[in-house]
């Protein structure tokens with residue numbers, strides 16, 4: 001299997017992991033609130049850890065191939081801030097998602113597509129140049145895609161009572177990740193340099209940090225089951241530290 005094929009496979013697996021969120025419309029567990037709380041907080045821990053322990057160090061390492069260490073750190077922080085601002089801007093421009101259940105699910109789908117396309121690009125390009133980091137990034141994205149799948153499938157199902165509609169909407173959002181990988185393979189892979197990779201790592205770290213700290217974790221915290229939120233968050237961090245050690 002070629003490196004590009006493997007990179008595309010990782011991007012596809014990361015995207016299709018969104019479908020795992022539909023398991024909760026199949027088995028319909030009684031305590032749906034607890035599942036949402038732990039999933040969101042767990043994903044926040046995963047995303048924050050992979051940003052700090054993998055993406056930012058990799059960004060500085062890539063930039064250091066061209067620049068001295070201090071300029072590399074400054075450029076990394078600029079890319080990180082741009083990622084945070086981009087994620088904030090996307091969230092700010094989207095309409096309120098708190099009305100009808102089906103509207104919540106559909107808007108959530110478009111939000112996740114907006115996030116998944118650059119994630120697919122990042123996963124493909126990262127895996128194509130650094131297999132170890134690509135696998136780690138795939139794990140992180142796959143884990144946080146599960147609660148994203150919940151955020152689409154559960155409101156769609158309870159609004160329409162159709163498992164098929166809930167599944168299709170969730171599938172569309174998941175396929176946006178390999179779509180991003182295709183864009184990277186066709187148009188971006190021949191133009192990538194170590195400097196561009198360094199900026200991309202920092203940019204994605206900014207997006208993931210913003211999603212973790214300003215979306216996932218606060219949403220979990222708002223349910224006021226603080227022990228579940230904290231433990232799930234810490235378990236997410238621990239799993240990514242362990243995976244980082246072995247990968």
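Residues of the stretch 75-106 that are surrounded by fewer than 17 Cβ atoms within 10 Å (Cβ to Cβ), more than 22 Å from residue 216 (Cβ to Cβ) and modelled with pLDDT of 70 or more: 77, 78.
Look at (1) outside any helix (DSSP H, G or I); (2) within 23 Å of residue 214 (Cβ to Cβ) and you find that residue 87 fails only one, number (1). Within the option set 110, 124, being out of contact with any strand residue (DSSP E or B) (no Cβ under 6 Å at 6 or more places or on another chain) and modelled with pLDDT of 80 or more holds for one residue only, 124.
Do we have residue 184 as in contact with a helix residue (DSSP H, G or I) (Cβ under 6 Å, 6 or more places away or on another chain), in a helix (DSSP H, G or I) and surrounded by fewer than 22 Cβ atoms within 10 Å (Cβ to Cβ) here?
On the way: in contact with a helix residue (DSSP H, G or I) (Cβ under 6 Å, 6 or more places away or on another chain): yes; in a helix (DSSP H, G or I): yes; surrounded by fewer than 22 Cβ atoms within 10 Å (Cβ to Cβ): no.
The answer is no for residue 184.
Each row is one residue, and each column tells you yes or no for (1) out of contact with any helix residue (DSSP H, G or I) (no Cβ under 6 Å at 6 or more places or on another chain); (2) in a helix (DSSP H, G or I); (3) buried (at least 22 other Cβ atoms within 10 Å of the Cβ).
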site: 196; (1), (2), (3): yes, yes, no
site: 206; (1), (2), (3): no, yes, yes
site: 219; (1), (2), (3): no, yes, no
site: 223; (1), (2), (3): no, no, no
site: 234; (1), (2), (3): yes, yes, no
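Can you tell me which residues in the stretch 163-175 are in contact with a helix residue (DSSP H, G or I) (Cβ under 8 Å, 6 or more places away or on another chain) and surrounded by fewer than 21 Cβ atoms within 10 Å (Cβ to Cβ)? Walk me through it before giving the result.
Just the residues of the stretch 163-175 that are in contact with a helix residue (DSSP H, G or I) (Cβ under 8 Å, 6 or more places away or on another chain), to begin with: 163, 165-167, 169-175.
The answer is 163, 165, 167, 171, 172, 175.
May I ask you to say which residue of 58, 72 is over 30 Å from residue 224 (Cα atoms), crowded, with 24+ Cβ neighbours inside 10 Å and touching a residue at least 24 places away in the same chain (Cβ under 8 Å)?
One residue alone meets the criteria, 58.
Scanning the stretch 181-209 for residues that are at pLDDT below 85 and closer than 22 Å to residue 151 by Cβ yields 204, 207, 208.
The values are calculated or read from the model by the stated rules, or taken from the named source; none is laboratory data. Note that the coordinates shown come from a computational prediction; the quantities given were computed from them, not determined experimentally. A quick note on method: Cβ atoms are made from the backbone with ideal geometry, for glycine too, and the neighbour counts reach across all protein chains shown.
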